[in-house]
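Below: one structure, written as structure tokens.
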Amino acid sequence: MEKSREPRRRLWPWVLGVLGLLVLLFGLGAWWAWQEAAVRLAPLDPGNGSQVVVQIPPGASTQAIADLLYQKGIIKDPLVFRLYVRWKKEDGQLQAGWYGLSPSQDVASLVEMLRRGEVLQFTFTVPEGKTVADIREILLNFWPKEEVDEALRDTHWLKEPPPPDVKEPLEGYLFPETYRFPYGTPVEEAVGKMVQETYRRFTPEREARAKELGLSLHEVLTLASIIEKEARFPQDQPKISAVFHNRLKLNMKLQADPTVAYALGKPGDQLTTKDLQAEVPYNTYVYGGLPPGPIASPGDGAIEAALYPEDSQNLYFVSAPDGTTYYAKDYAAHLRNVQKVRQESRR
């Protein structure tokens with residue numbers, strides 16, 4: 001029995017040697033695989049910081065995304081990308097949209113961007129007092145003409161249909177603000193956001209105030225747009241608003257030059273006496289009350305001024321070239337102010 005155990009004792013070193021070799025080979029293989037994976041997870045071109053615009057379609061699978069990024073020259077290996085996403089348990093979590101990706105990014109940062117939905121965005125600003133025609137020019141920097149024109153004619157965003165004789169149905173409803181949208185946003189969605197922002201500014205308090213004044217939202221925007229075009233400085237808005245409110249109460253014509261300029265499509269400083277007599281709906285020298293609709297996009301200050309005019313009895317105002325505005329309660333005082341402005345203009 002003792003002799004039969006001897007071959008077994010001699011066999012163990014050999015077995016242990018083979019196992020050790022296998023472990024070493026396995027370790028070397030794992031190390032090589034890890035090194036290879038690390039290489040393929042690294043940036044394709046670390047020195048290339050250029051941005052490639054890539055659209056990830058809605059519902060795209062991880063494989064489809066990997067293949068797309070490979071075709072666009074963003075990643076080294078689609079398989080390694082898929083395996084990394086699976087290892088991170090991000091399958092189905094990568095979001096659709098337009099992205100600005102770079103071959104200088106590694107797979108980890110790419111996956112994180114896609115998971116977080118860090119899509120490309122663009123920004124544009126609509127200043128106060130701009131008309132639909134002005135805003136159209138801004139939108140044409142981002143969308144085709146046909147799409148922009150169609151969106152600006154779409155009135156389904158409005159809570160009430162516009163009066164039939166308005167010049168532009170969305171005039172005054174495109175709130176002046178800085179807007180930021182994901183790349184690829186349809187223009188109709190952007191226009192809708194601008195209209196919704198106007199409605200958002202009409203808080204319950206402002207709606208109650210408009211009702212107290214006997215004005216609809218459309219009328220408030222119309223009056224606010226005239227105030228926006230007339231006032232050179234914010235502090236003048238409540239004062240000019242008071243003049244218009246006082247005139248409306250006395251059934252006096254507003255006689256606001258910007259309404260005629262809007263109707264005729266002329267700069268306000270080029271209006272003639274004949275222009276002021278033109279029988280067009282927006283001419284507040286010819287027709288009493290408010291014009292059919294807004295003549296521009298009023299800002300929040302002008303809306304506030306339209307709702308809360310200064311407490312005064314002024315019925316007239318005239319502005320000097322430097323923007324200084326003079327107010328008067330009667331016509332005689334107004335004529336003196338006009339003469340003062342003329343004298344200042346000659347200097």
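Mind listing whichever residues of the range 244-262 are surrounded by 24 or more Cβ atoms within 10 Å (Cβ to Cβ), without any contact (Cβ under 8 Å) to a residue 40 or more places away in the chain and not β-branched (Val, Ile, Thr)? Outline the logic, then answer.
Taking the range 244-262 first, the residues surrounded by 24 or more Cβ atoms within 10 Å (Cβ to Cβ) are 244, 256, 259-260, 262.
After this cut, where a residue has to be without any contact (Cβ under 8 Å) to a residue 40 or more places away in the chain as well, the list is 256, 259-260.
256, the sole residue that qualifies.
Would you check if residue 292 is under 28 Å from residue 152 (Cβ atoms) and surrounded by fewer than 17 Cβ atoms within 10 Å (Cβ to Cβ)? Against the criterion (under 28 Å from residue 152 (Cβ atoms) and surrounded by fewer than 17 Cβ atoms within 10 Å (Cβ to Cβ)), residue 292 does not qualify. Applying the set (1) of a type in the set (Ser, Thr, Tyr); (2) crowded, with 17+ Cβ neighbours inside 10 Å; (3) over 14 Å from residue 222 (Cβ atoms) to residue 273 leaves exactly one unmet item: (2).
Taking into account only those residues within the range 40-74 that are without any contact (Cβ under 8 Å) to a residue 24 or more places away in the chain and part of a helix (DSSP H, G or I), which is nearest to the chain's Cα centre (by Cα)? Top of the filtered list is 68.
Could you list all residues from the range 99-117 that are among the charged types (D, E, K, R) and either in the same structural domain as residue 192 (by TED's automatic domain parsing) or not in a loop (DSSP other than H, G, I, E, B) (or both)?
112, 115, 116
Which residues, counting only those in the range 285-294, are within 12 Å of residue 254 (Cβ to Cβ) and either outside any loop (DSSP other than H, G, I, E, B) or within 33 Å of the chain's Cα centre (by Cα) (or both)? Please lay out each step first, then the result.
To start, the set of residues in the range 285-294 that are within 12 Å of residue 254 (Cβ to Cβ) comprises 285-291.
Once the filter is applied, which keeps residues that are within 12 Å of residue 254 (Cβ to Cβ) and either outside any loop (DSSP other than H, G, I, E, B) or within 33 Å of the chain's Cα centre (by Cα) (or both), the range 285-294 yields 290, 291.
Of 133, 96, 60, 64, all but one fail to be of a type outside the set (D, E, K, R) and assigned by TED's automatic domain parsing to the domain that holds residue 262; the exception is 133.
This table checks each residue for (1) polar (S, T, N, Q); (2) touching an Asp or Glu at 6+ places or on another chain (Cβ under 9 Å); (3) not assigned by TED's automatic domain parsing to the domain that holds residue 224.
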site	(1), (2), (3)
287	no, yes, no
292	no, yes, no
298	no, yes, no
302	no, yes, no
310	no, no, no
320	no, yes, yes
323	no, yes, yes
328	no, no, yes
333	no, no, yes
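State which residue is modelled with the lowest pLDDT when the search covers only the range 226-271 and only residues that are charged (D, E, K, R) and within 19 Å of residue 176 (Cβ to Cβ). Write out each step before concluding.
Just the residues of the range 226-271 that are charged (D, E, K, R), to begin with: 228-230, 232, 236, 239, 247, 249, 253, 257, 266, 269.
Add one more test, that the residue is within 19 Å of residue 176 (Cβ to Cβ), and what stays is 228-230, 232, 236.
Working: 228: 97, 229: 96, 230: 96, 232: 92, 236: 97.
Out of the qualifying residues, it is 232.
For the range 305-338, taking the residues that are without any contact (Cβ under 8 Å) to a residue 24 or more places away in the chain and assigned to a strand (DSSP E or B), the one that is surrounded by the most Cβ atoms within 10 Å (Cβ to Cβ) is identified as 328. Every test in (1) assigned to a loop (DSSP other than H, G, I, E, B); (2) at pLDDT 95 or above; (3) farther than 14 Å from residue 136 by Cα is passed by residue 164 save one, and that test is (2). Quick one: is residue 140 surrounded by 14 or more Cβ atoms within 10 Å (Cβ to Cβ) and within 17 Å of the chain's Cα centre (by Cα)? Judged against the criteria, residue 140 is a match. Scanning the range 96-117 for residues that are buried (at least 17 other Cβ atoms within 10 Å of the Cβ), under 12 Å from residue 42 (Cβ atoms) and free of Cβ contacts under 8 Å to residues at least 60 places away in the same chain turns up just one, 110. The single residue among 274, 329, 340 that is at pLDDT 95 or above and farther than 30 Å from residue 201 by Cα turns out to be 329.
The values are calculated or read from the model by the stated rules, or taken from the named source; none is laboratory data. These numbers come from a predicted model, not from an experiment. Neighbour counts run over all protein chains shown; Cβ positions are idealised from the backbone, glycine included.
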